[in-house]
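**Student:** Have a look at the structure that comes next, please.
The values are calculated or read from the model by the stated rules, or taken from the named source; none is laboratory data. Quick caveat: nothing in here was measured; it's all calculated off a predicted structure. Glycine also receives a Cβ, built like all others from the backbone with ideal geometry; neighbour counts cover every protein chain displayed. Remember, those area values only see protein heavy atoms, side chains included, never the ligands or the DNA or RNA. Shrake-Rupley method; radii C 1.70, N 1.55, O 1.52, S 1.80 Å.
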Amino acid sequence: MLNLAERKKTYQIFSDLFRYPDQPSQAASAQSVADLSQLLHLDFPPELSQVPALREMEVAYTHLFVNSLGGTPAPPYGSVYLDAGNLLMGETSLKVEACYAAENLNLQGSDEPPDFLATELEFLYYLLDEEEAALAAGDTARQAELTNKQIVFFENYLSSWLPDFCERIAARSSDPFYLWIAEALQLFNRMEMALFEKVRKNSISELPTTS
Amino acid sequence: MANPKKQKMSRRKFLGISSCALTTAVVGSQVKVLKALAKSGDISEPVAAITKDVYTSCGMCVNKCGVIARVRDGVIHKLDPNPNFFPKSRGMLCARGNAGTKVVYDPDRLKYPLIRVGERGEGKWRRASWEEALDMVTNNMNQIAEKYNRASMMFASTEGTFSEHFFLQLAECYGTPNTLRHPTLCLSSNIQGFSATFGTNPTPDVKNADYIIMSGANRAEALMTPDSIDMIKTDGGGRRKLVYLDPRFTKTAAKADEWYPIKPGTDMAFILALINVIITEGLYDDDFIEENTVGFEQLAQHIKQYSPGWAATECDIPAKDIRRIAHEFANAAPSAVYYQGRRSSFFQNDTQMRRAMAILNAIVGAWDTKGGLLPNKKIALTKHDYLAPWYDDVPDRLDKGGVTYLSEKDGSWPVFRDRALAADPYPIKGMMVYKQNVLVSVPDRAKSLELMKQMDFICTIDITMSDTAWYSDVVLPEATYLERLDPPENLSGPVPVVAFRQPCVEAMFESKTNFWIMQQLAKRLGPEIAETFDFTMEEHIHHMLKKKPEIYDALFGKGVYYEDTEPEYGRLKGKRLRTRSGKIELYSEKYAKKGLDPLPVYKSPDKVPTNMYRLLVGRHAYFTHGTTANNALLHDLMPENTLWLAPSEARKLRLKNGQMVKVKSKVGEEKLKLEITEKIRPDSVYMAHGFGVLSKGLSNIAGVGGSDAALIESKYCPISGNCAMHETFVQITPA
Amino acid sequence: MKNKRFAIVLDTERCIDCKACTVACKAENDVPLGPNNYRNWVVASKLRGKYPNLGQSYTPSQCQHCSNAPCEHVCPTRATFTSSDGIVDVKEEKCIGCKYCQTACPYNARYYNEETGAIDKCTFCAQRIYAVPPRLPACVDTCPTKVRAFGDLNDPNSEVSLLLARNPSKVLKPAMGTNPHLFYLD
Amino acid sequence: MSAFKNRPKLFVWMAILLLGMAAGAAGVIHVLIVGHAQSYNVTREIPWGLLIATYVFLVVSSTGLCLISSLGHVFGMKQFEFIGKRAILLAILTLLCGFGAIGMEINHPIRMGIYTILSPNFSSAIWWMGTLYGVYLMFLCAEFYFLMKGMHKGAFTMGVLGFTAAVSAHSNLGAVFGLLEARPFWHGSFLPIYFIVSALVSGCALIGMIVYFNHKKSGAPMPLKYADFMDTLGRLQILTLMTLVFFVVWKIIPGIYGHPPEKYEATMSMISGPFAFNFWFFEVLMGLVIPLCILFPKKTRTPTGVMFAGLSSTIGIFFMRYDLVIIGQLVSMREGTAELVNGLLQYTPSLSELGITIGAICTCLFLYTVAERLLPLDPEEH
């Protein structure tokens, strides 16, 4: 089971990996893969000992998530999976945006719909960061509130579509990098679900803060 | 060429750079590195909370119907017909119009500029910043100008977006004469034939006509407002009659009073026989002819050879029916029209066939009168004038002289493509495409692919990954019609209106309006060109409306501006027409001078070879050409196209309903499902247009159905340059 | 809502089978994608006659909002009910998905909506007709040739009342005794 | 496992049942994961499929068992008394598995539990059917309890109540179909009566098999008393089968005579259309002709013969249920719709539906086999 800091880091890594790759993120990706495999106890994939070149990552990302042969194989937007009609900007997209607004956050930094995967992961990262701060300040009420927010957001807007999303990647890609990331995300999704299930059963204080 | 550091600092990128300084500036005192999300002290209502009704114009086809977008929480929830008086679409919205929301929220829509990485057509793309993509486009344009000639760039454009004139303006300013528009895949022969007779291409007054003859124009399926609405019998209109000629039993046939499965390519024989009866039996409008036309004597002489008996053997319509229809038509006149409407052309003699139509309408006086042909009116808007740079060494259009009457702006697709493939007289090396799906809409796809292959550079501006986009080097995402402010457009007609578009929602992702893209390209092409685009859209609109500022309020207040509610009849009475003689030319002096037949001369279509069938194509009410078949709502209505074949022929070929068949023409081969139906002549087969696309980029239609463009040979009308869609014979075998 | 009896009058002669009504309805009512999911439809009749003398009719239809609705009678949990304005509707949370109403409806007007987890059907676009200002049901509003007219039968001056007063009309499957409120002009 | 040591046949039997149950479990899991829409081949036009047919088959069996066994402890026919426990037990199990099958067909079984109580609709035949079957189940359980405890009076009372509930519930199941005016193939008072008659056929058939295998398992030859019973049962079966023949004939004739709209097309799909094989081979040959041929001659009306006749008619009856449910929906509700094969709609069960059906039947048999081993089901000797 991951502790708070580890979860925060995992969210951050995933958020970065599901953004369109650029030079810095490509440079960091070797470390990201290594970190993820350590955090999630997932075998470090031998084929990724050499992380792909930026160009390869770009092509694979564009193919999978932007536009490509056979339609976008795995659109990284929640509403495509959660709402009727396989469309962008469904009801859940608006709800997701409301969640951000409730935390005084806006989408100034993104041209993507609110339920873009990387943004959702970033939001969870933010909540965990806040929780860490609350913990440091000894504000248990705030900490509990933040845990609850994570659970609500994760369960309502993320965890249920991730399996389908990851399966679509697996079905339509031969790119080892994103295949592995998808597998890792699936695993992390299950870990988080299990964790939240535990939290629900026990008290909030059970949420591991340290290893 | 991809240097990420050169990328434009978009808002996202700006925050994406994990520079603490930048990030902290945005997130305030927070140390955390947030990229998409930002913290600001002032969180106003999210943009998403807006609920409003927005007037705009539909962009699903070229018809421009009035639409009101119901925006709920910042999302377009529903498109409804404009409830205000809108003479052109009369408060309706078809299936495609209703499916428009899917276009905006389609996860397959183009989102970012894309640059090809692998081989052309291989499907390897990367995202690029606008900066990089635009630079790449103009660099290539400049290179082609340097290496070859400015005329070596071709610009192919769609119609009906309200913005294509900016695209054409860029072509002109860049210095190429080679712009290609849709008319030679559509109605250029129609315009040519009617203009040669009336000096203009008039509109039939379908709403008030007592007697309508339609040939080929399938108005119940190939929707054109308001004709599709008006052709339906209304209460109490007991005298109205619709005679419909089509080798297929279409939905229009189901609505018609009489349907004749005419032999394809013989419409002209039918029309000439009608003229023959009307003239020989003295059913024509003597006074009208005397006052308004020239060449009746020549016509009367010429028409003698075309008796109903003769026509009956040509077109498979009994002589007595031809005679009866001629009488009924003449009796109903002048409230009677032989409907030319708008449809693509099918045979190489299409211009002369249209002339015959025009002549028939003229001799019964169905001109500029209630229920006849009406000259179009326009509401004058101030034009945007610009001074295009002058280039000394730019040659004429590539297809110049290829056909008798070539439109300078539109060109002729088949002629142009043949010359481009032969580099005759100069090579074409660059291609800018604006929303025209060349590989689906231009006949003989193999040739189009060949053409694209020889290009040094191809850039496509579109909203989805069309086949043509797939074969391009740079793909630029345009904002959809519901996300744009488009200039007012003058929809001419008997009751002209001005329509416009305004953004119902903000453009998603990094899609941009065509106008913005043109501006950006112009900026990169140099100050002289940039100057012609140096205005904002708002300024442009105000400029266009400066003589009638009330239009502005009407557009924003009720989505439409009009001055009349009913057509004005007899408007051109006593006025000079825009023909050589100033009158209706039954005999065309102009054609005679050019060595063309001054009166329509009939020539039988080629016989269908044994064991072959004539391939017919057509449209239906669910898809617009090759552009909307991927729309999920519409896709459910018609997931694939089929090949229609008469039961008697299917028995002969031992084919079963629903089995896959191979359709083979001289230029291509397609596989699709067979549909055995009584609805078609035994000598022909039919397939709907818009299926069987090449790229799998459109997820819903990949590999389903067959493409007509792959099969149709590129024959064309030598007068107008229009494609002849029905002059291809195919063989059918089990697949 | 009181003292209203909504109905639709159709002039099928005008129908060109363009399916604008079907798509408008799907878009308005968030009907899930899929060829079997729809609240209204157009039936293309069998081709009549032999080539070259052919005929075909197109009949748009939807829930008939019967006064004597079989679907309402058979619903074990009263999820299907008739409002005082004559609209037959479904309370989604009560629907158990037994599909008995689907077998009971003589018009095949109902389908199971996987998104809402309940039987779904035409509601005369209640959300539109009771909106301020009111709007016509999507299918009525969007129709190019205006096949349908919608209104209140209890208002003797409404378009539907006038149409029915002035023209002979029929209903589908009258022998079922369902007393439908979709009227087809002869 | 030692129980199987000397009983290889039992081992094979149990293995088959477990395999069938696994198929059912696979079907159930598939439905739970991907949902009804993706698992079942039922459509908008044919909303009721194989699972409804299975449900009908199982509850018909239950009703039949209850009715036939009541001959003994309700109507005092001594010969029938000894089968009481087994018949009631199997009646309970078939009913439960039937509920299981319909529970898988219904999208919201939990909502059903809540709203049939909070918001009952007394004009709904399904509501009555569900409620009466619920009551019937309670009576059956009570009856079984009393029988096991040897409390005859209680068993008698419960038997009477159970009999009443069975007849009411089952005729209501007939009414579920019969009250649908929209479906001419079903509509009318015929089905409630027909259902009761066919239940008797099912009951006889199943009791014949129970008695036969019950004695088969002990290996000992069947005592004369039981052989006598089998003969009686065989003759009773002739009576019920002949009645059923009568009903089948009179179902068909009005379906054809005068070509009643929709009913005719449906009936013809059974006579010579897509359901002809099901009808002639399974319903007529296996369900009626073969059993009658075995049962009529005294020579073949042996315990083995009666068992085979029962097996054959049970299989036939399963197809009768399936055909009844599907054929009733084959005719399109849209008048004059073009483009239908044979002018009829189509339905073929999906793998999930087949799996769940097999699973339901196997579960029922499995539970019975286990109970047979664990519970003292033999009658106390007087």
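**Student:** Output yes when any residue across the stretch D:150-159 is open to solvent by less than 50 Å² (accessible area, probe 1.4 Å) and either within 14 Å of chain C (Cβ to nearest Cβ) or among the aromatic types (Phe, Trp, Tyr) (or both), and no when none is.
**Tutor:** No, the conditions are met nowhere in the stretch D:150-159.
**Student:** Moving on. Within the stretch B:623-681, restricting attention to residues that are more than 14 Å from every other protein chain (Cβ to nearest Cβ) and assigned to a helix (DSSP H, G or I), which residue is surrounded by the fewest Cβ atoms within 10 Å (Cβ to Cβ)?
**Tutor:** So, considering only residues that are more than 14 Å from every other protein chain (Cβ to nearest Cβ) and assigned to a helix (DSSP H, G or I), the one surrounded by the fewest Cβ atoms within 10 Å (Cβ to Cβ) is B:652.
**Student:** Return the pair list, or none, for Cβ contacts closer than 7 Å from residues in the stretch D:114-136 that are within 9 Å of chain C (Cβ to nearest Cβ) to residues that are assigned to a helix (DSSP H, G or I) and open to solvent by 50 Å² or more (accessible area, probe 1.4 Å), at least 6 apart or on different chains.
**Tutor:** D:123/C:73; D:124/C:73
**Student:** Right, next: Within the stretch B:201-210, which residues are in contact with a helix residue (DSSP H, G or I) (Cβ under 7 Å, 6 or more places away or on another chain) and open to solvent by 10 Å² or more (accessible area, probe 1.4 Å)? Explain how you work it out, then say what you get.
**Tutor:** Within the stretch B:201-210, the subset in contact with a helix residue (DSSP H, G or I) (Cβ under 7 Å, 6 or more places away or on another chain) is B:201-202, B:206-207, B:210.
Within the stretch B:201-210, B:201, B:207, B:210 meet the criteria.
Yes/no per residue for (1) more than 7 Å from chain B (Cβ to nearest Cβ); (2) out of contact with any Ser or Thr (no Cβ under 8 Å at 6 or more places or on another chain):
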position: A:47; (1), (2): yes, yes
position: A:80; (1), (2): no, yes
position: A:121; (1), (2): yes, no
position: A:125; (1), (2): yes, no
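**Student:** For the stretch C:13-40, name all the residues that are within 20 Å of residue C:160 (Cβ to Cβ), touching a Pro at 6+ places or on another chain (Cβ under 7 Å) and not in a loop (DSSP other than H, G, I, E, B).
**Tutor:** Looking only at the stretch C:13-40, we keep the residues that are within 20 Å of residue C:160 (Cβ to Cβ), and these are C:13-15, C:21, C:24-25, C:39-40.
Keeping just the survivors that are touching a Pro at 6+ places or on another chain (Cβ under 7 Å) gives C:15, C:21, C:40.
Selection gives C:21, C:40.
**Student:** Here is a follow-up. Among the residues of the stretch A:86-119, write down those that are of a type in the set (S, T, N, Q), at the interface with chain B (Cβ under 7 Å from one of its Cβ atoms) and on the phi < 0 side of the Ramachandran plot.
**Tutor:** Taking the stretch A:86-119 and keeping what is of a type in the set (S, T, N, Q), we get A:86, A:92-93, A:104, A:106, A:108, A:110, A:119.
Now drop any that are not at the interface with chain B (Cβ under 7 Å from one of its Cβ atoms), which leaves A:86, A:104, A:106, A:108, A:110, A:119.
Of everything in the stretch A:86-119, those that are of a type in the set (S, T, N, Q), at the interface with chain B (Cβ under 7 Å from one of its Cβ atoms) and on the phi < 0 side of the Ramachandran plot turn out to be A:106, A:108, A:110, A:119.
**Student:** Any residue at all in the stretch C:96-104 that's open to solvent by less than 20 Å² (accessible area, probe 1.4 Å), farther than 17 Å from residue D:111 by Cβ, more than 9 Å from chain D (Cβ to nearest Cβ) and at pLDDT 95 or above? Break it down into steps so the answer makes sense when it comes.
**Tutor:** So in the stretch C:96-104, the residues open to solvent by less than 20 Å² (accessible area, probe 1.4 Å) come out as C:96-104.
Okay, now just the ones that are also farther than 17 Å from residue D:111 by Cβ, so C:103-104.
Okay, now just the ones that are also more than 9 Å from chain D (Cβ to nearest Cβ), so none.
No: zero hits.
**Student:** Among the residues of the stretch B:86-95, write down those that are facing chain C (nearest Cβ under 8 Å) and crowded, with 24+ Cβ neighbours inside 10 Å.
**Tutor:** If the condition is that a residue be facing chain C (nearest Cβ under 8 Å) and crowded, with 24+ Cβ neighbours inside 10 Å, then B:92, B:93, B:94, B:95 are the ones that fit.
**Student:** Here is a follow-up. Restrict the check to the stretch B:338-350 and report whether at least one residue is surrounded by 24 or more Cβ atoms within 10 Å (Cβ to Cβ), assigned to a helix (DSSP H, G or I) and not assigned by TED's automatic domain parsing to the domain that holds residue B:156.
**Tutor:** Checked the stretch B:338-350: at least one residue is surrounded by 24 or more Cβ atoms within 10 Å (Cβ to Cβ), assigned to a helix (DSSP H, G or I) and not assigned by TED's automatic domain parsing to the domain that holds residue B:156.
**Student:** Being closer than 15 Å to residue C:38 by Cβ and either assigned to a loop (DSSP other than H, G, I, E, B) or within 14 Å of chain D (Cβ to nearest Cβ) (or both) is true for just one of C:123, C:77. Which residue is that? Break it down stepwise before answering.
**Tutor:** Details: C:77 fails: closer than 15 Å to residue C:38 by Cβ.
Matching residue, one of C:123, C:77: C:123.
**Student:** Please indicate, with yes or no, whether at least one residue in the stretch A:138-156 is within 13 Å of chain B (Cβ to nearest Cβ) and closer than 18 Å to residue A:16 by Cα. Talk me through it step by step, then tell me what you get.
**Tutor:** Narrowing the stretch A:138-156 to residues within 13 Å of chain B (Cβ to nearest Cβ): A:153.
Still in the list and also closer than 18 Å to residue A:16 by Cα: none.
The answer is no; no qualifying residue exists.
**Student:** Among B:655, B:633, which is the only one that is at pLDDT below 95 and among the hydrophobic types (A, V, I, L, M, F, W, C)?
**Tutor:** B:633
**Student:** Taking interchain pairs and intrachain pairs at least six residues apart, which have beta carbon atoms under 7 angstrom, with the first residue in the stretch D:16-40 and within 14 Å of another protein chain (Cβ to nearest Cβ) and the second not in a helix (DSSP H, G or I)?
**Tutor:** These pairs meet every condition: D:35/C:114; D:36/D:107; D:37/C:114; D:39/D:350; D:40/D:49; D:40/D:350.
**Student:** If I ask for residues that are closer than 15 Å to residue A:183 by Cβ, of a type in the set (Ser, Thr, Tyr) and surrounded by 17 or more Cβ atoms within 10 Å (Cβ to Cβ), which ones from the stretch A:14-72 would you list?
**Tutor:** Within the stretch A:14-72, just A:32 meets the criteria.
**Student:** Within the stretch A:101-108, is there a residue that is crowded, with 22+ Cβ neighbours inside 10 Å, touching a Leu at 6+ places or on another chain (Cβ under 8 Å) and assigned to a helix (DSSP H, G or I)?
**Tutor:** no
**Student:** Please tell me if residue C:69 is at the interface with chain B (Cβ under 7 Å from one of its Cβ atoms) and open to solvent by less than 10 Å² (accessible area, probe 1.4 Å). Spell out how you get there, then give the answer.
**Tutor:** Details: at the interface with chain B (Cβ under 7 Å from one of its Cβ atoms): no; open to solvent by less than 10 Å² (accessible area, probe 1.4 Å): yes.
Against the criterion (at the interface with chain B (Cβ under 7 Å from one of its Cβ atoms) and open to solvent by less than 10 Å² (accessible area, probe 1.4 Å)), residue C:69 does not qualify.
**Student:** Is it fair to say residue C:45 is open to solvent by 10 Å² or more (accessible area, probe 1.4 Å) and touching a residue at least 60 places away in the same chain (Cβ under 8 Å)? Give the steps one after another, and end with the answer.
**Tutor:** On the way: open to solvent by 10 Å² or more (accessible area, probe 1.4 Å): yes; touching a residue at least 60 places away in the same chain (Cβ under 8 Å): no.
It is false that residue C:45 is open to solvent by 10 Å² or more (accessible area, probe 1.4 Å) and touching a residue at least 60 places away in the same chain (Cβ under 8 Å).
Residue-wise test of (1) open to solvent by 30 Å² or more (accessible area, probe 1.4 Å); (2) within 12 Å of chain C (Cβ to nearest Cβ).
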position: B:225; (1), (2): no, yes
position: B:232; (1), (2): no, yes
position: B:245; (1), (2): no, yes
position: B:249; (1), (2): no, yes
position: B:267; (1), (2): no, no
position: B:273; (1), (2): no, no
position: B:278; (1), (2): no, no
position: B:284; (1), (2): yes, no
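**Student:** Quick check on the stretch C:111-120: of everything there that is of a type outside the set (Gly, Ala, Ser) and part of a strand (DSSP E or B), which residue is nearest to the other protein chains (Cβ to nearest Cβ)? So that I can check it myself, show each step before the final result.
**Tutor:** Here is the first cut: in the stretch C:111-120, the ones of a type outside the set (Gly, Ala, Ser) are C:111-116, C:119-120.
If we keep only those that are part of a strand (DSSP E or B) as well, we get C:111-113, C:119-120.
Values: C:111: 5, C:112: 7, C:113: 9, C:119: 9, C:120: 11 Å.
Among those residues, the one meeting the criterion is C:111.
**Student:** Can you find a residue in the stretch B:479-488 that is open to solvent by less than 30 Å² (accessible area, probe 1.4 Å), of a type in the set (Gly, Ala, Ser) and away from every other protein chain (no Cβ under 14 Å)?
**Tutor:** No, every residue in the stretch B:479-488 fails to be open to solvent by less than 30 Å² (accessible area, probe 1.4 Å), of a type in the set (Gly, Ala, Ser) and away from every other protein chain (no Cβ under 14 Å).
**Student:** When you scan the stretch B:71-152 for helices (runs of 4 or more DSSP H) that lie fully inside it, which ones turn up with 3 or more residues that are touching a residue at least 40 places away in the same chain (Cβ under 8 Å) and among the aliphatic types (A, V, I, L, M)? Outline the logic, then answer.
**Tutor:** Working: elements: B:95-98, B:100-104, B:130-147.
Once the helices (runs of 4 or more DSSP H) in the stretch B:71-152 are filtered for at least 3 residues that are touching a residue at least 40 places away in the same chain (Cβ under 8 Å) and among the aliphatic types (A, V, I, L, M), what remains is B:130-147.
**Student:** Now, a different point. How many residues are facing another protein chain (nearest Cβ under 9 Å) and in a loop (DSSP other than H, G, I, E, B) when one looks only at the stretch C:80-95?
**Tutor:** Adding up the residues that qualify gives 2.
**Student:** Which one is nearest to the chain's Cα centre (by Cα), of the residues in the stretch D:134-184 that are farther than 30 Å from residue D:334 by Cβ and of a type in the set (D, E, K, R)?
**Tutor:** Looking at residues that are farther than 30 Å from residue D:334 by Cβ and of a type in the set (D, E, K, R), I get D:143.
**Student:** Write out, first by first residue and then by second, each pair whose Cβ atoms fall under 6 Å of each other, whose residues are 6+ apart or on separate chains, and whose first residue, in the stretch D:308-320, is over 13 Å from residue D:295 (Cβ atoms) and in contact (Cβ under 8 Å) with a residue 12 or more places away in the chain while the second is in a helix (DSSP H, G or I) and of a type in the set (Phe, Trp, Tyr).
**Tutor:** From the stretch D:308-320, the pairs are D:316/D:282; D:318/D:57; D:319/D:282.
**Student:** Further, regarding this structure: Looking only at the stretch D:103-115, which residues are open to solvent by less than 30 Å² (accessible area, probe 1.4 Å) and either at pLDDT 95 or above or more than 16 Å from residue D:54 (Cα to Cα) (or both)? Steps first, please.
**Tutor:** Residues of the stretch D:103-115 that are open to solvent by less than 30 Å² (accessible area, probe 1.4 Å), as a first pass: D:103, D:105-107.
D:107, the sole residue that qualifies.
**Student:** Return a yes/no flag: does the stretch B:573-592 have any residue that is within 14 Å of chain C (Cβ to nearest Cβ), open to solvent by less than 30 Å² (accessible area, probe 1.4 Å), under 29 Å from the mean Cα position of the chain (by Cα) and in contact (Cβ under 8 Å) with a residue 40 or more places away in the chain. Step through it out loud before you land on a result.
**Tutor:** So in the stretch B:573-592, the residues within 14 Å of chain C (Cβ to nearest Cβ) come out as none.
No, that holds for no residue.
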